[in-house]
Amino acid sequence: SEESEAGEVKRGSHEKVETLQQVSRRQISSTVRRQLVNKVPDKQKLFQEANGIPVHLKGGVGDAVLYRATMGLTVLGTAYVIYELVKAALPQKKD
């Protein structure tokens with residue numbers, strides 16, 4: 001009697017694991033897969049056009065804004081470094 005109950009418990013838990021595996025496989029395989037559009041050829045055409053625009057600005061308005069922000073921060077940072085160097089090189093006299 002005990003052996004049959006133990007066998008049923010083992011078989012019951014094994015069946016649960018199999019059922020769980022089947023359900024998980026079904027959910028994974030039934031997920032909707034997005035079809036990604038390959039944009040690389042379009043981007044290649046855009047960046048290889050000979051239209052006189054520098055390559056770092058061919059991406060559009062976002063590239064222009066990013067470029068100008070980077071250049072502005074670079075100029076401000078350089079000016080601040082020069083200011084600090086001059087301040088350190090020419091200390092003020094303390095009275």
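The values are calculated or read from the model by the stated rules, or taken from the named source; none is laboratory data. Being a predicted model, the structure only gives us computed values, none of them experimental.
Conditions tested, residue by residue: (1) more than 23 Å from the chain's Cα centre (by Cα); (2) of a type outside the set (Asp, Glu); (3) not in a helix (DSSP H, G or I).
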site	(1), (2), (3)
Leu36	no, yes, yes
Gly59	no, yes, yes
Thr78	yes, yes, no
Tyr83	yes, yes, no
Val86	yes, yes, no
Pro91	yes, yes, yes
Lys94	yes, yes, yes
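Sort through Val9, Val32, Val61, Val17 and tell me the only one that's among the β-branched types (Val, Ile, Thr) and at pLDDT 85 or above.
Of the residues listed, the single one that is among the β-branched types (Val, Ile, Thr) and at pLDDT 85 or above is Val61.
For segment 55-95, how many residues are of a type in the set (A, V, I, L, M, F, W, C) and within 30 Å of Lys45 (Cα to Cα)?
Number of matching residues: 8.
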